[in-house]
Every structure is written in structure tokens, then in C-alpha cells.
There are 2 protein chains.
Amino acid sequence: MGKTHQPERAGVKEIARRANVSIGTVDRVIHNRTGVSEKTRILIQSIIKELDYQPNIMAQRLASKKNLRFTILIPGVSAETEFWKAPLIGIEKAEQELKPYGIHIEKYFFDQNDRKSFVGLTKKILKDGSDGVLLAPSFIGESAEFVTACQVAKIPYVLINSDLPEVDSLSYIGPDLFNSGYLSAHLAGYAIKEGKVLVVNISKDLDNDHHLLRKETGFNTYFKDKGISIKVVRADIRQTDDVFITQQLSAVFAAHPDIQGIFVTNSRVSAVARYLQQAEITDKLLIGFDFLKDNIEQLKKGTIDFLICQKPQEQGYKGIMALYQHLILNEVIEKVHFMPIDIITRENYAVYGN
Amino acid sequence: MGKTHQPERAGVKEIARRANVSIGTVDRVIHNRTGVSEKTRILIQSIIKELDYQPNIMAQRLASKKNLRFTILIPGVSAETEFWKAPLIGIEKAEQELKPYGIHIEKYFFDQNDRKSFVGLTKKILKDGSDGVLLAPSFIGESAEFVTACQVAKIPYVLINSDLPEVDSLSYIGPDLFNSGYLSAHLAGYAIKEGKVLVVNISKDLDNDHHLLRKETGFNTYFKDKGISIKVVRADIRQTDDVFITQQLSAVFAAHPDIQGIFVTNSRVSAVARYLQQAEITDKLLIGFDFLKDNIEQLKKGTIDFLICQKPQEQGYKGIMALYQHLILNEVIEKVHFMPIDIITRENYAVYGN
DNA sequence: TATATTTCCGTGTACGCACACGAAAGCGTA
DNA sequence: TACGCTTTCGTGTGCGTACACGGAAATATA
């Protein structure tokens, strides 16, 4: 049992035999190198096509000592940017898988509050060279410049988490922001039949955070589309510490006592949850983003009702894999890859990501 | 760029050098074959551990011509059992990936309404032999017998979609039924604040469908846990044609005009949706299971509000991969692998499975 | 015609491992 | 001592491919 013979895929040897040449010549054709007459080249190519020859990945990787260097440039992980822990884990998973294929990953982390740190690293990457880049283009202008330089240097690059308009990236892998907001509104619509809904944006650099805006637009559009009479109140909070947030929210709730639910447009939802808890406000629907430790804590307690999550780990994983598939396997990569929009509740968070 | 040398993982050669033996001897130790003195065996093993030696998968697979035959036994796909299309796709994806590693999959499909077809196929599998089995144990008794026989024949097996109590499977990969019901109740609880909720079981073989019961239990438990005063009405429908379903539901709605929402415990939710549509009943919350074509149609229309889905494709994929990891990579497989519980709505179905 | 240059192609080795084969050493027996 | 058997281990070959090297033939140059 279990000794059946493989369906005898033909290899270079067989091709060489049929073409009456040596395997060396076949090899030259396969890697379209020079040194083969046009006649034999065409002959061999036709045989390759006829036999539907596919190289043995094993032997190929074994024999070639070609190593590739991928480079990633994403925000560093801090309390402020815990989100980026997940993509990094995905990247490291891909790294593990691809290590035996001779692929190495150089990791650079920039400070999301410091454009210069970003630019400095892009310069370094261009100087050192790279075979493929994975980029989180937080700073739009600077990122555009960088990818243009990559283009010139013929380095393929993949964007994750945010897209860059009108650039020729190998692929964009990230969230569908609009729909995640739209979906949140749909969920809110089930629980809230009257009164108001509060949309909360919490960010130090609010004006540059197109993420939040897209989600908010999606959220508002739902109510517009459905002709629902719920009023949407908005609160922009430009500091991320609990004290400031508490202060701002108190004011909003004082002004709008009939708020029935809250939609936080990013992962800072746990701060809002803490406010509600401390202010002993219960029975308010609370929806926010991202599978972070604090958020899950509040989800378990029931303070947060729904977390919308877009598989941040897979963003990193798939980003690296896209480079691999393009550069090693010569596969065609889809230009835009939206991540699924996952709804996390108390009941399913434990199996999320299984 | 891109020609850096691999971090020089040590191979058999290096181990042999350090142990002052030939690679042949090292090889014997690695595959714990006979023909090595106890002394050198221990020496070599210690060096292996010290160097954290990991064989080069490429070279390993290349040099060994060992082929494996996996066998799957799952329900055939029909209009009645469209669900099983997805696991099969996952299995075929795994098959594609593993083909270059010399793994072949023999596929057997039984009729879910015919115990004999199942038993017949199990006999055939045992007669033909196999290196690993993937089983959907729809018929509990017969499946238990089969896996016992596998045990005796030392064939590892993986169960998908339903578990079998007290058997020594390599792994169970499938849904967490109870929590999917519990989650559904939670969702229903948002929209329904008074009146009744209807639980609908639709199955020809209802008494043997432990799936439905588990989900229903989860559903009921939620309301019990939360002390919610919503009353749960139950309808068991033992025929699957639309006419019969319509008839039964009409009776239920006549008896309970204050039903606010419906929970269908399996994928037949689209039939209920069609009933609601035809009876022009709107504004009833409708929750059901599975990413099937008909269900998605109704989801798009808004008749169905939520579909609970447990990545059926991945169940097949991961099942095969578990066999591979166990037999080829000698990895340890987790005994129970619950699939994530996904919530599908109009907004996110399009990106589901990305 | 002899020699240099180019074009084309075959040979050999290496990649890391599996495994068959046979050599050498140790042991006992006649 | 001679012989055979067992235990222990080294050598060699092959898996399918990549690539360096060098040889032969074709062409150009003197």
C-alpha cells in the first residue's frame, strides 16, 4: 500500500531525449538564456508545451542557490499601534514557510507620528536594494515617491492595509473600509429603532486618517440608503488618552441624552467602553474595530457588542506570499484583494482565526 | 542583490563530520533503522539535538519516491446536500498542493439517505488499503465500526463536520455547533425585544440529526442564560419540499401571530425565506446556516438577515493537510479543531472566503 | 590554408537526502 | 587457524534540476 508510481511527469531528461539534444540545451531554453539556435529553441519549446512540462519544484529549489531578499516597511508596534502586531505575525509565519525556499525578510518599522523616520527607511531600502517590498503606505505623499523609486529600480511592491491611488503595485491587500462601516450601520440598525447614534473618531492625526473617513462614510450611507430616521451624531476626539476621551464623551452625552448606540471608527473602542463602564452607562450598543487584547476584554464583559475585524494577520501573510508567487512561481497576482469583513462577538472570538 | 547565502543550516554531512561517522550512519539514526551501535546512536542523536537539525524537505521528498494514498469518504453532492460541495473543493485544493509531494487522493461519496452505500464503501476502502482516511461520520454506528477497523489496520483518520465520541481520531475538524446556536440567539436578541422566536428544524431524518439538536440547545441556552423573556416556539418539519414547508409554517404562524424572528437550524433557511416572501411577511428577522447559492440570493434580497457559516471549504482542506502533516512531516496534530463561526450579511458575503 | 572568433551545444558536478550494497571487524565454532 | 555469521558502518548511486566549463562546428579573419 502506498507505493503506487507517480503518473510519470516528464522532466528535462525526457524533453532532451525527444528533441535529440542534451538536458543542458533544454535548460537554456527553459531559462531563456542565450546559446541556443533559433531552430532548436522553437523545437524544444513546442515539446515543452506538448508535454505540459512543469518543473519539479523540489529539484528546482534544491539545485538553485538563488536567495531572495524581501523587505517590509510597516509601522512599529507600540501601545498606540497594537494593530500592527498582527500583520507582523503573519509576515513571520510566511517567513518561516518560505525560509526553506531561500527567502529572507528584512524588517523595517517606522514611527507613525514621524514622517522622517519613514523617509529615512525608504532611502535605506533603496540603497541596500531588495527583491520585493511590502509596504504600509501610511504617509501618502512619501509612499508615492518611494514606490515610484521602486518602479524605477524594478522592485515589485505590495501594499497592505491602505491603498495608494494610481500606482502600479503588484497587489493591494487590505480592508474594504466603506463596507465595514456600512455593515456596522446595518448591525446598529437592528438594535436601534429610535433616538440617535454616535460616531466617534479618535485619532491624533485625524485629518490625515482617510481610514476613519471611509468607514464613517459607509456608516452614514447605510442610514441614507435605507431612509432610516435615526440621527447620526459625530464626535471627533483628537487625543488618545482616557482622560481626554472621557471628558469629550461626557460632553457629547450631556448634549445628546438620547444616544442609543456608538460606532467607534477604529480600534480605540476599548477606551469608549471604559468610559461607559466608569460612567455606569449600560444598554448602549457599542461597535468598533480590531481584535486587540483590550477590545476582547470588553467584548467578553459585554460592554462592546461587536468588533469588526479584517484578518490583519492574513494581510501580512498574503502580502509576502504574493511576492513569492510573483517572483518564484511566476504566477499572476490579482491587483486588489479585499480581506473578508469578520464580525466578532462574545460567542465566536475564541475560534477567530482558527 | 539577492545572492546572500542561506544561514547555513547544518545537514547530515555536518552531523556525520562531528560524530566521526559517515552520513550513512547518521541516516540510519535519523530514520531509526537498525545497524547502529547504541553508543554511536546516542552520540549522533545528541548532535542532532544540539544542532537543532531539520531535514531539508526538498531533498527529502526528492530522494524518497514514497507515494501516499489518502482516501476520503464524504456525502455526495446533490441538490439535497449542496453543503458538501465546499469541503470537496477544499479537498481538491489540498490535492493540488500536495500532488508534487507524491500524494494521491481517492474519493468516495456515499448517499446520506442510504446506510448501505456507506457501509459498502467502507468495506471497499478497507480492502484496497489506504495510508490515511478523511471521514464525514454521518452514520454514527457504521462510522464507529469503520474507524475501529482503521485503528486495527493502523490507518490514521480525520473526522470532519461531525465528531464521533470516544474514538482515537487523528483530529476532529468541524463546527462548534452549540456556540453557533448560542451566537444566533445573541443576534436575535438585539432585534427582538418582545414576542416570540421560532426555531425551525427541517430534515427528513430529524431524529438522527444531532447537528440540529446541538444548535437548538445553544440557541435556547442563550435566552435561559440571559433571563430574557422571549418565548421560543419550535417547529419540526420532516419533509424538505417547499409545499410541505409552506403548509407547516402557515400553521405555526396562524397559531403564533406574534413571532418576531425565525432561527432555522440548518441550510434550509432559503425555503423559509421563500415562504415569507410568498406570504408577504416582512420585518421578521431570519437567521440560518451556510453559504449556499439560494441562501445568498435571499440574503441579497434582505429576506435572510444573517447566515452563520463555518468555512466548509477549509474543513476539507485542513483535514487533508492534517493527514499530510502527520504522515510526512511527523508533526503533532491538535485533536480538536473548531472552525471559526462566521457571520455573513449582505455587506460582507462578497468578500467571504477571501 | 591556417588561425581566431563566434555560435551552439554536451558533459560534469553539485544540491541534501534515501537507500542498496558491500566491507570490515568482532565473535563463536570446529 | 580457518571458516562463517552477525553487528556495525562506509561508499556509491540516484532523485530532477541549475550552471560552469569546455569542446566542436560554423563562420570570420589573416
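If you go through the stretch A:310-328 and pick out every residue that is within 11 Å of chain B (Cβ to nearest Cβ) and closer than 24 Å to B:Gly174 by Cβ, you end up with 2.
Within the stretch B:88-107, restricting attention to residues that are open to solvent by less than 50 Å² (accessible area, probe 1.4 Å) and of a type outside the set (A, V, I, L, M, F, W, C), the residue that is nearest to the other protein chains (Cβ to nearest Cβ) is B:Gly102. Pull out all pairs, ordered by first then second residue, where Cβ-Cβ is under 8 Å, the residues are six or more apart or on different chains, the first lies in the stretch A:329-354 and is within 7 Å of chain B (Cβ to nearest Cβ), and the second is acidic (Asp, Glu) and open to solvent by 30 Å² or more (accessible area, probe 1.4 Å). Within 8 Å, the pairs are A:Met339/A:Glu314. Each residue in the stretch B:26-50 was checked for being open to solvent by 30 Å² or more (accessible area, probe 1.4 Å), of a type outside the set (D, E, K, R) and more than 8 Å from DNA strand C (Cβ to nearest atom), and 9 pass. Looking at this structure, is B:Gln54 more than 14 Å from DNA strand D (Cβ to nearest atom) and open to solvent by 80 Å² or more (accessible area, probe 1.4 Å)? Taking the combined requirement at face value, the residue satisfies it. For the stretch B:268-299, give me each residue that is over 26 Å from the mean Cα position of the chain (by Cα) and within 14 Å of chain A (Cβ to nearest Cβ). Residues satisfying the conditions are B:Thr282, B:Asp283, B:Lys284, B:Leu285. I'd like to check something: does the stretch B:42-59 contain any residue that is under 30 Å from B:Ile140 (Cβ atoms) and at pLDDT below 90? Checked against the condition, which is being under 30 Å from B:Ile140 (Cβ atoms) and at pLDDT below 90, the stretch B:42-59 yields no hits at all. The lone criterion from (1) away from chain B (no Cβ under 12 Å); (2) modelled with pLDDT under 95; (3) away from DNA strand C (no atom under 12 Å from the Cβ) left unmet by A:Arg9 is number (1). Restricting the first member to the stretch A:158-169 and to residues that are β-branched (Val, Ile, Thr), and the second to residues that are open to solvent by 10 Å² or more (accessible area, probe 1.4 Å), the beta-carbon pairs closer than 6 Å and six or more apart or on different chains are A:Val158/A:Leu170.
So is A:Glu92 under 30 Å from A:Val269 (Cβ atoms) and at pLDDT below 90 or not? It is false that A:Glu92 is under 30 Å from A:Val269 (Cβ atoms) and at pLDDT below 90. For the stretch B:70-87, filtered to residues that are at pLDDT 90 or above and either farther than 24 Å from B:Asp128 by Cα or open to solvent by 30 Å² or more (accessible area, probe 1.4 Å) (or both), the residue that is nearest to the other protein chains (Cβ to nearest Cβ) is B:Ala86. Residue check: is B:Gln96 outside the structural domain of B:His326 (by TED's automatic domain parsing), out of contact with any Pro (no Cβ under 9 Å at 6 or more places or on another chain) and in a helix (DSSP H, G or I)? Here the answer is no, as B:Gln96 does not meet what is asked.
Among the residues making up the stretch B:108-148, a single one is within 14 Å of chain A (Cβ to nearest Cβ), among the hydrophobic types (A, V, I, L, M, F, W, C) and touching a residue at least 60 places away in the same chain (Cβ under 8 Å): B:Val133. If you go through the stretch A:187-205 and keep only what is within 30 Å of A:Leu164 (Cβ to Cβ) and of a type in the set (Val, Ile, Thr), you end up with A:Val199, A:Val200, A:Ile202. Condition check for B:Asp209 on (1) out of contact with any helix residue (DSSP H, G or I) (no Cβ under 9 Å at 6 or more places or on another chain); (2) over 30 Å from B:Phe70 (Cα atoms): one failure, at (2). Each residue in the stretch A:323-338 was checked for being open to solvent by less than 60 Å² (accessible area, probe 1.4 Å) and either farther than 22 Å from A:Gln54 by Cα or in a helix (DSSP H, G or I) (or both), and 4 pass.
Just one of the listed residues (B:Ile30, B:Ile23) is aliphatic (A, V, I, L, M), modelled with pLDDT of 85 or more and near DNA strand D (Cβ under 10 Å from one of its atoms), and it is B:Ile23. Here A:Glu347 meets the list (1) within 26 Å of B:Ile344 (Cβ to Cβ); (2) acidic (Asp, Glu); (3) out of contact with any helix residue (DSSP H, G or I) (no Cβ under 8 Å at 6 or more places or on another chain) almost entirely, failing just condition (3). Entry remark, the stretch B:206-216: residues being open to solvent by 40 Å² or more (accessible area, probe 1.4 Å) and under 18 Å from B:Asn161 (Cβ atoms) number 5 in total. Kindly evaluate A:Thr221 against the criterion of being out of contact with any Asp or Glu (no Cβ under 7 Å at 6 or more places or on another chain), assigned to a helix (DSSP H, G or I), within 12 Å of chain B (Cβ to nearest Cβ) and of a type in the set (Val, Ile, Thr). So A:Thr221 fits the description; yes. Confirm whether B:Ile155 is within 11 Å of chain A (Cβ to nearest Cβ), of a type outside the set (D, E, K, R) and under 23 Å from B:Ser117 (Cβ atoms). Yes: the conditions hold for B:Ile155. Residue count for the stretch A:145-169 under the criterion of being more than 18 Å from the chain's Cα centre (by Cα) and either assigned to a helix (DSSP H, G or I) or not assigned by TED's automatic domain parsing to the domain that holds A:Trp84 (or both): the result is 7. In the stretch B:239-294, of all residues being hydroxyl-bearing (Ser, Thr, Tyr) and part of a helix (DSSP H, G or I), the one that is surrounded by the most Cβ atoms within 10 Å (Cβ to Cβ) corresponds to B:Ser270. Here B:Ser203 clears all of (1) touching a residue at least 12 places away in the same chain (Cβ under 8 Å); (2) within 14 Å of chain A (Cβ to nearest Cβ); (3) open to solvent by 10 Å² or more (accessible area, probe 1.4 Å) except the condition numbered (2). In this structure, is A:Leu307 touching a residue at least 12 places away in the same chain (Cβ under 8 Å) and assigned to a strand (DSSP E or B)? Here the answer is yes, as A:Leu307 does meet what is asked.
For B:Phe178, the conditions (1) surrounded by fewer than 19 Cβ atoms within 10 Å (Cβ to Cβ); (2) away from chain A (no Cβ under 14 Å); (3) touching a Lys or Arg at 6+ places or on another chain (Cβ under 9 Å) all hold with the exception of (2).
The values are calculated or read from the model by the stated rules, or taken from the named source; none is laboratory data. Treat the numbers as computed from the prediction; the structure is a model and nothing was measured. When we count neighbours, we look across all protein chains shown, and the Cβ atoms used for this are built from the backbone with ideal geometry, even at glycine. All accessible areas refer to the heavy atoms of the entire protein, side chains included, with ligands and DNA or RNA removed. Shrake-Rupley method; radii C 1.70, N 1.55, O 1.52, S 1.80 Å.
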